[in-house]
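Just so it is clear, none of the values below were taken in a lab; they were calculated from the coordinates. These numbers were taken from a predicted model, which means no experiment stands behind them. Note that each Cβ is placed from the backbone with ideal geometry, even for glycine, and that neighbours are counted across all protein chains shown.
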Amino acid sequence: LFPHVQHRPKAMDKLERYAEILDSAALHARATPQLTHTDPDLSVADAYRVQQLSVDRRLARGERRIGVKMGLTSRAKMLQVGVDEVAWGRLTDAMLIEEGTAMSRARFVHPRVEPEVAFLMKAPLAGKVTAAAALAAVEAIAPAMEIIDSRYENFKFALSDVIADNTSSSGLVIGSWNDPAMDFSNLGVYLEIDGEVKQIGSTAAILGHPLRSLVAAARLVAEAGEEISVGDIVMAGGITAAPNLAPGQTVRTTVQGLGSVMFQVE
Ligand code: 0L1
Ligand code: MG
């Protein structure tokens, strides 16, 4: 019909190219330069699009979405990485590490661990919601840990970089689920490595109250046209700075009144 039109493969969109770079860095556990080194104007909106495209690549390989994570929700985390805005990321089943088992250090670039609490959802949540509505949507709360592993060289990034990189999310370990009908606003938390206490904090470090993280998650997820769904896990965010992981370690987080959760590194 249009013989003058040449059929060339569609040039890969810039954001798709970034998504492929980050997905491949995660798959092969190889660090990559920060996107903002060559694209300093990469916007937060475009970074979230890169995140979505890179997680879509995982879903296309058969991974299943299991919820969302909130990141940079505590002062200690913001200070550790020099980024001071809350961000969110997507969780898939391939990131789950069964409680009490070992994770392979070789699958990661430079992993760190964060003590957290996780919510299990019994009702959908999206948009501007009150803390009471957020609590009513929670089925259970558990002690948890997130394995974060920036795909960037030297674990260094700007806000847009870390958002594009699924906010460093790489793994999660969930302990026993508890009834949320308790005051979990200020529970003592400690993280042990090989029986030595490395970090001490409180659930209050998560934006003053972990429910605020859930309220923020509902708003941010809705901005991307998505929702928190029934059965989702929501990781509320790191409570302390995140220590490095090395083979041979036994890592345990204890949250007052919620119990302990542990894994090993091999
Ligand atoms: O989950 C977190 O709070 C970490 C978000 C990304 C920043 C980092 O990699 O430490
Ligand atoms: Mg985290």
Task: In degrees, nearest ten, helix 14-28 long axis to first principal axis of the chain (Cα) - done: 50 degrees
Task: Where the Cα pairs of the chain fall when distances are cut into 10 Å bins, in % - done: 7, 31, 36, 18, 4, 2, 1, 0
Task: Burial ranking of peptide ranges 149-158, 125-134, 37-46 (average Cβ count within 10 Å, highest at the top) - done: 149-158, 125-134, 37-46
TODO: Measure out, as a whole number of angstrom, how far apart the alpha-carbon centroids of region 133-208 and region 75-99 sit.
DONE: 7 Å
Open item on the list: Taking θ = phi - 60°, what integer Hz values does the Karplus form 6.51 cos²θ - 1.76 cosθ + 1.60 yield along region 167-180, in sequence order, with x for Gly and Pro?
Closed with: 6, 6, 5, 9, x, 8, 10, 10, x, 6, 7, 10, 5, x
Open item on the list: Can you list residues from other chains, or at least 5 along the same chain, whose modelled amide H is less than 5 Å from the amide H of GLU99?
Closed with: ILE174
Open item on the list: Would region 131-266 count as rounded, prolate or oblate if I go by the C-alpha gyration tensor, calling it rounded below 1.5 in a/c and otherwise prolate when a/b exceeds b/c, oblate otherwise?
Closed with: oblate
Open item on the list: Classify region 93-187 from the C-alpha gyration tensor, please: rounded if a/c falls under 1.5, else prolate or oblate depending on whether a/b exceeds b/c.
Closed with: oblate
TODO: Quick one: dipole size for the chain, taken about the Cα centre, charges +1 on Lys/Arg Cβ and -1 on Asp/Glu Cβ, in debye to the nearest 20.
DONE: 420 debye
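Checking the table LYS122/LYS198; LYS128/LYS156; LYS69/LYS156 against a 27 Å threshold on Cα-Cα, which pairs fail? Don't jump to the answer; show the numbers that get you there.
Numbers: LYS122/LYS198 34 Å; LYS128/LYS156 32 Å; LYS69/LYS156 20 Å.
Exceeds cut-off: LYS122/LYS198; LYS128/LYS156.
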Task: Long-range HN-HN contacts of SER170 with modeled amide H, under 5 Å - done: ILE147, ASP149
TODO: Which order do the peptides 56-63, 185-192 take when ranked by the mean count of other beta-carbon atoms within 10 Å per residue, highest first?
DONE: 185-192, 56-63
- [ ] Sequence neighbours fewer than 8 away in the same chain don't count; with that in mind, list the aspartates and glutamates whose C-alpha is under 18 Å from LYS77.
- [x] GLU85, GLU114, GLU116, GLU146, ASP149, ASP161, ASP165, GLU192
Open item on the list: Can you work out the Karplus-derived ³J(HN,Hα) for every residue in region 74-86? Use 6.51 cos²θ - 1.76 cosθ + 1.60 with θ = phi - 60°, whole Hz, and x for glycine or proline.
Closed with: 10, 4, 4, 5, 4, 5, 4, 10, x, 10, 10, 10, 5
Task: Mean ellipticity per residue at 222 nm, deg cm²/dmol - from DSSP H runs of n ≥ 4 across the chain, formula -39500 (n - 2.57) - done: -7500 deg cm²/dmol
Task: Length-normalised contact order of the chain in % [C-alpha pairs under 8 Å, at least 6 apart] - done: 27 percent
- [ ] Can you tell me which of 164-171, 66-73, 117-124 comes out highest on packing, and rank the rest after it, using the mean Cβ neighbours within 10 Å?
- [x] 164-171, 66-73, 117-124
